Amino acid sequence: AIYAPNSDSVHAAADIAAEFPTMKFVLLAMGGEDWRMAVAAAKRQINLYLDASGSLDSDKISHAVATLTQRKLLFGSGLPYRDPELTLGLIAEATGLTGPDRARILSQNAQALRCILRCTCARKILF
């Protein structure tokens with residue numbers, strides 16, 4: 001995981017992800033106010049995933065899912081910088097998400113990333 005609260009850190013993380021294409025990276029804080037840049041970086045880099053914490057912009061979850069699919073977005077608490085309830089609220093109120101989409105974001109994507117290299121459960125969750 002790479003803490004990425006702004007555009008400079010998003011660029012640096014994207015460079016690292018490009019340098020190590022077989023590794024999976026999660027951008028913590030989803031680029032902060034530069035979340036659109038983080039979404040664009042995750043679209044370019046197949047091994048880059050986004051933690052939904054950071055900016056409280058109500059459009060970011062729907063935009064990320066529409067651009068990337070729900071499979072590249074993970075719930076992140078934002079602690080100690082933010083109350084986790086705020087990020088949960090963004091996910092709960094995001095337009096265009098189904099119950100299964102929310103389940104992926106809230107837990108299944110993280111479970112898949114955790115076991116992707118050592119078990120086959122990721123294939124069942126991600127593919």
Out of the residues in segment 1-41 that are in contact (Cβ under 8 Å) with a residue 12 or more places away in the chain and charged (D, E, K, R), which is farthest from G54 (Cα to Cα)?
K24
Flagged in segment 73-111 as under 24 Å from P5 (Cα atoms), aliphatic (A, V, I, L, M) and either open to solvent by less than 60 Å² (accessible area, probe 1.4 Å) or modelled with pLDDT of 90 or more (or both), in numbering order, are L73, L74, L86, L88, L90, I91, A92, A94, I105, L106, A110
Could you list all residues from segment 6-54 that are under 13 Å from the mean Cα position of the chain (by Cα), under 23 Å from D83 (Cβ atoms) and not in a helix (DSSP H, G or I)?
V26, L27, L28, Y49, L50, D51, A52, S53, G54
Could you give me the residue pairs with C-beta distances under 6 Å whose first residue belongs to segment 63-74 and is in contact (Cβ under 8 Å) with a residue 60 or more places away in the chain, whose second residue is open to solvent by 50 Å² or more (accessible area, probe 1.4 Å) and in a helix (DSSP H, G or I) wherever it lies, and which are 6+ apart or on separate chains?
none
When only residues in segment 1-16 that are hydrophobic (A, V, I, L, M, F, W, C) and in contact with a helix residue (DSSP H, G or I) (Cβ under 8 Å, 6 or more places away or on another chain) count, which is surrounded by the most Cβ atoms within 10 Å (Cβ to Cβ)?
A4
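The values are calculated or read from the model by the stated rules, or taken from the named source; none is laboratory data. Since the structure is predicted, the reported quantities are computational estimates derived from the model, not experimental observations. Cβ: placed from backbone, ideal geometry, glycine included. Neighbour counts: every protein chain shown. For accessibility, only protein heavy atoms count, side chains too; no ligands or nucleic acids. Shrake-Rupley method; radii C 1.70, N 1.55, O 1.52, S 1.80 Å.
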